[in-house]
Amino acid sequence: MKRTATLIAALALASAATTAAAQKEQFVPANFYWVGPYAPGGSGFGGGIIDYMQLLNERDGGINGVKLTWEKCETEYNNARGVECYERSKKKGPTGATVIHPLSTGITYSLIEKATADKIPVISMGYGRTSAADGRVFPYVFPLITTYWSQATVMVKFMGQRLGGMDKLKGKKIVLVYHDSAYGKEPIPVLTDMSKQYGYELTTIAVPHPGNEQQSQWLQIRQIKPDYVILWGWGVMNPTALKAAAKIGFPTSKIIGVWWSGAEEDVIPAGAAAKGYISAGFNSPGSDFPVMKEIQKFVYGRGKGEFEDKSRFGSIYHTRGVVAGIVTTEAIRAAQAHFGKGKPITGEQMRWGIEHLNIDQKRLKELGAVGLMPTLKVSCMDHEGSGLVKFQQWDGAKWKVITDWMEPDRQLVRAKVEADAAQYAKEKGITPRDCSKEK
């Protein structure tokens, strides 16, 4: 009897210890995609964010003793699947899902009302609904770092510089070749407004999903004879476009890609047709950044890295995921500092943490990420937080950064953001927050 009582007591202690350990976890869903035509982007980004969270666990024991946990859910870059993964993951962990990275503009749109009602922040880093940058109307949605509208204005600025001045855009022809989805349509309003401002002629040409057939689109481009083509593609659409451009003899250096058209997986399959191609970006590739060396040492050095194909380490998509990991965990760190160090935070507390993010140059240096990403300062009013964009060019073997960080047309973008957010608030009966009352 005594031995039985001792055994029961031991089991009770073990159970209590396990429960206590579980309460020291922060759950971050890994709802990405590893299959289908967009798998390179999903697996690369997902691999990066998981690698960074694994780094903090292996090197630091988590964040102030709170281990980061995650569970993969395959969304297939499909709206219905993305919502299903969200519903499956939102109540997991001691405090429920901390934050959602949909990695899809369509899924982001599908989650705006759901996540807001559930008080779970959505980080749509470099994608999603641009007007969610107005945090008064979209308190739980964060299109962090740079939005599509900011990027579009910087693209036009970049083309103007290449032509010798913004006045030189007058009379020029620009074609937008876009993925026929919510994602692909995002830049059209801004590019249209800027065409009126600078006098260029804009033609928009849609490419149906997944984009592996574009012959008619590029024949149309050959007839138009544009000065520049903006490629707003995704997945297999990108190398297909570059090869189609080569077939009609359109100069690759006159094609400017969105940042989701600017990864190694977008150019390598196109071979020689991709050489000279330019794309925008909000993160840099490479394995020489101190943070990347730390991931090599503490994660891959211990056999816990996400990539079996080690050649993908330090690629555009991988480092973009690492940046997402930095942004996510810095927000958790900020929330812990405010609500209690060493304790798992709720989604509502995470929202506060994101809105108080301030990743300046000093912090970037401490993180080992100087040059990997731009500075970022978020607020109740501004859920974008940076807006900076740089450009890179494919030399046939690697991406070469060809500009410093460039500023968007903040006045134009913010005016459109506020107008669109106000319209959304009116449609949904939302009373915007008074940011002066937020602490």
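The values are calculated or read from the model by the stated rules, or taken from the named source; none is laboratory data. None of these values were measured; they are calculated from a predicted model. Note that each Cβ is placed from the backbone with ideal geometry, even for glycine, and that neighbours are counted across all protein chains shown. Surface areas here come from the heavy atoms of the whole protein model, side chains and all, with no ligands, DNA or RNA. Shrake-Rupley method; radii C 1.70, N 1.55, O 1.52, S 1.80 Å.
Can you tell me which of 119, 114, 170 is in contact with a Gly (Cβ under 6 Å, 6 or more places away or on another chain) and within 19 Å of residue 349 (Cα to Cα)?
Exactly one of 119, 114, 170 is in contact with a Gly (Cβ under 6 Å, 6 or more places away or on another chain) and within 19 Å of residue 349 (Cα to Cα), namely 119.
Out of segment 329-355, which residues are assigned to a loop (DSSP other than H, G, I, E, B), under 16 Å from residue 120 (Cα atoms) and of a type outside the set (S, T, N, Q)?
To start, the set of residues in segment 329-355 that are assigned to a loop (DSSP other than H, G, I, E, B) comprises 340-346.
Now restrict to residues that are under 16 Å from residue 120 (Cα atoms): 344-346.
Residues satisfying the conditions are 344, 345.
For residue 147, which of the numbered conditions (1) crowded, with 24+ Cβ neighbours inside 10 Å; (2) within 18 Å of residue 83 (Cβ to Cβ); (3) of a type outside the set (Asp, Glu) fails to hold?
(2)
Tell me, please, whether a residue that is in contact with a Gly (Cβ under 8 Å, 6 or more places away or on another chain) and within 24 Å of residue 65 (Cβ to Cβ) can be found in segment 307-323.
In the first step, residues of segment 307-323 are kept if they are in contact with a Gly (Cβ under 8 Å, 6 or more places away or on another chain); the result is 307, 312-323.
Those left that are additionally within 24 Å of residue 65 (Cβ to Cβ): 322.
Checked against the condition, which is being in contact with a Gly (Cβ under 8 Å, 6 or more places away or on another chain) and within 24 Å of residue 65 (Cβ to Cβ), segment 307-323 yields at least one hit.
Mind listing whichever residues of segment 299-313 are within 22 Å of residue 125 (Cβ to Cβ) and either open to solvent by 10 Å² or more (accessible area, probe 1.4 Å) or part of a helix (DSSP H, G or I) (or both)?
Quick first cut of segment 299-313, residues within 22 Å of residue 125 (Cβ to Cβ) only: 299, 305-307, 312-313.
Residues satisfying the conditions are 305, 306, 307, 312, 313.
Pick from segment 241-267 the residues that are in contact with a helix residue (DSSP H, G or I) (Cβ under 8 Å, 6 or more places away or on another chain) and hydroxyl-bearing (Ser, Thr, Tyr): which of them is most open to solvent (accessible area, probe 1.4 Å)?
252
Just for strands (runs of 3 or more DSSP E) wholly inside segment 171-269: which have at least 2 residues that are over 25 Å from the mean Cα position of the chain (by Cα)?
Details: elements: 173-179, 201-207, 228-232, 255-257.
It comes to 173-179, 201-207.
Results for (1) open to solvent by less than 70 Å² (accessible area, probe 1.4 Å); (2) at pLDDT 95 or above; (3) more than 30 Å from residue 233 (Cβ to Cβ), shown as yes or no for each residue.
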| site | (1), (2), (3) |
| --- | --- |
| 8 | no, no, yes |
| 11 | no, no, yes |
| 27 | yes, yes, yes |
| 30 | yes, yes, no |
| 53 | yes, yes, no |
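Can you give me the number of residues within segment 206-225 that are open to solvent by 10 Å² or more (accessible area, probe 1.4 Å) and either in contact with a helix residue (DSSP H, G or I) (Cβ under 8 Å, 6 or more places away or on another chain) or β-branched (Val, Ile, Thr) (or both)?
Within segment 206-225, the subset open to solvent by 10 Å² or more (accessible area, probe 1.4 Å) is 206, 208-210, 212-213, 215-217, 219-220, 222-225.
Cutting the leftovers down to either in contact with a helix residue (DSSP H, G or I) (Cβ under 8 Å, 6 or more places away or on another chain) or β-branched (Val, Ile, Thr) (or both) gives us 206, 210, 212-213, 215, 217, 219, 222, 224.
Summing the residues that are open to solvent by 10 Å² or more (accessible area, probe 1.4 Å) and either in contact with a helix residue (DSSP H, G or I) (Cβ under 8 Å, 6 or more places away or on another chain) or β-branched (Val, Ile, Thr) (or both) in segment 206-225 gives 9.
Yes/no per residue for (1) touching a strand residue (DSSP E or B) at 6+ places or on another chain (Cβ under 6 Å); (2) open to solvent by less than 10 Å² (accessible area, probe 1.4 Å):
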position	(1), (2)
102	no, yes
113	no, no
122	yes, yes
126	no, yes
131	no, yes
143	no, yes
156	no, yes
159	yes, yes
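Test of understanding: among 399, 405, 394, which residue is open to solvent by 50 Å² or more (accessible area, probe 1.4 Å) and aromatic (Phe, Trp, Tyr)? I'd like the intermediate steps shown before the answer.
Values: 399 fails: open to solvent by 50 Å² or more (accessible area, probe 1.4 Å); 394 fails: open to solvent by 50 Å² or more (accessible area, probe 1.4 Å).
From the options 399, 405, 394, the qualifying one is 405.
For residue 351, indicate whether it is farther than 30 Å from residue 193 by Cα, open to solvent by 60 Å² or more (accessible area, probe 1.4 Å) and at pLDDT 95 or above.
Numbers: farther than 30 Å from residue 193 by Cα: yes; open to solvent by 60 Å² or more (accessible area, probe 1.4 Å): no; at pLDDT 95 or above: yes.
For residue 351, the condition - farther than 30 Å from residue 193 by Cα, open to solvent by 60 Å² or more (accessible area, probe 1.4 Å) and at pLDDT 95 or above - is not met.
Output the qualifying pairs, or none if there are none: Cβ atoms under 8 angstrom, residues six or more apart or on different chains, first residue in segment 26-41 and on the phi > 0 side of the Ramachandran plot and of a type in the set (D, E, K, R), second residue assigned to a strand (DSSP E or B) and surrounded by fewer than 20 Cβ atoms within 10 Å (Cβ to Cβ).
none
Please work out which one of (1) part of a helix (DSSP H, G or I); (2) closer than 22 Å to residue 317 by Cα; (3) out of contact with any strand residue (DSSP E or B) (no Cβ under 9 Å at 6 or more places or on another chain) is the condition residue 82 fails and give its number.
Condition not satisfied by residue 82: (3).
Which pairs turn up if I take residues in segment 226-252 that are over 14 Å from residue 40 (Cβ atoms) and acidic (Asp, Glu) and look for partners that are open to solvent by 40 Å² or more (accessible area, probe 1.4 Å) and part of a helix (DSSP H, G or I) with beta carbon separation below 9 Å, at least 6 apart in sequence or on another chain?
Between residues of segment 226-252 that are over 14 Å from residue 40 (Cβ atoms) and acidic (Asp, Glu) and residues that are open to solvent by 40 Å² or more (accessible area, probe 1.4 Å) and part of a helix (DSSP H, G or I), the close pairs are 227/163; 227/254.
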